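Note sheet for the following structure.
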């Protein structure tokens, strides 16, 4: 396949994705030498989304970073040369090959305080759910993961499957109890007005714009805040974003029933829960909300247009009083 390089305007032969991955692997092995091996793997992530990664190993290394290649392929199609791509892959590998130089205890005793919840869609993850202990709550599934933070602040995690649970000699009762103790300590729940979240996102992007002076950024920041607040006053529909402190798989905050009960007390009424993604939920007080049919349509349209497949949670709309009973029942059954 012949393509035109966006940077130079010259024609070049474009490898397809499979060929590209194989070429990267061969060049990595060639540069690192015989004591290393590089393997291409297909990694199935949330909602059966599949990614191709390269795993590099030296000798008997037990911890090996998995480097996804899709982004590199996009750079390649945009004109980045193979030499630069391989150099970047090797840089990522060297920076992450020993993610915990201070050492880490991978036994159950070393990890039991790091076990937490992760909420995903049930139907779209049936294959994965066959391999892991989990709870079902409506059309959601609650899995368990070990979350390991690095001194630099980066976070790594791995799913607790039946193999690991058997090795640790624990079942879903113990996993649920540990996750309830750990999840909301590691990742505190938070609730913010949607206008503040949107303003924060826009301001963050503005700060990254190097073409603007500090004065221009300050002026645009003020305009963003004024504009967002004006739209809130015009709409008259109070909406809140529920997530966690990391904004990562924050939909699990719904399992924090004491926090959620506090939200209902603050709002002085029940509320609808709209799944924005696995990372956050939208809450709307019942007295201010459109009818459920319109809410369902809104969720479906947003999921279809805006939410990447890997981040999709559900097309449903839930009332907290009903969802609370289902969550409490699932947690109690797991702990029985």
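The values are calculated or read from the model by the stated rules, or taken from the named source; none is laboratory data. Since the structure is predicted, the reported quantities are computational estimates derived from the model, not experimental observations. Cβ: placed from backbone, ideal geometry, glycine included. Neighbour counts: every protein chain shown.
Before moving on, here are some points about what is shown:
- Where a residue in the stretch 167-179 is more than 9 Å from residue 144 (Cα to Cα) and its partner, wherever it lies, is modelled with pLDDT under 95 and not in a helix (DSSP H, G or I), with Cβ under 8 Å and at least six apart: 173/336
- Search result, residues across the stretch 124-157 that are more than 22 Å from residue 326 (Cβ to Cβ) and either assigned by TED's automatic domain parsing to the domain that holds residue 45 or at pLDDT 85 or above (or both): 127, 130, 131, 146, 147
- Of all residue pairs spaced 6 or more apart or on separate chains, none has beta-carbon atoms under 6 Å together with a first member in the stretch 81-104 that is in the same structural domain as residue 58 (by TED's automatic domain parsing) and farther than 12 Å from residue 24 by Cβ and a second member that is in a loop (DSSP other than H, G, I, E, B) and at pLDDT 95 or above.
- Set 270, 325, 291: member being within 30 Å of residue 170 (Cβ to Cβ) and over 26 Å from the mean Cα position of the chain (by Cα): 325
Yes or no, residue by residue, for (1) outside any loop (DSSP other than H, G, I, E, B); (2) at pLDDT 95 or above:
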| position | (1), (2) |
| --- | --- |
| 254 | yes, yes |
| 259 | yes, yes |
| 277 | no, no |
| 304 | yes, no |
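- Unique residue being out of contact with any helix residue (DSSP H, G or I) (no Cβ under 7 Å at 6 or more places or on another chain), farther than 23 Å from residue 51 by Cα and either touching a residue at least 12 places away in the same chain (Cβ under 8 Å) or outside the structural domain of residue 48 (by TED's automatic domain parsing) (or both) when the list is 290, 285: 290
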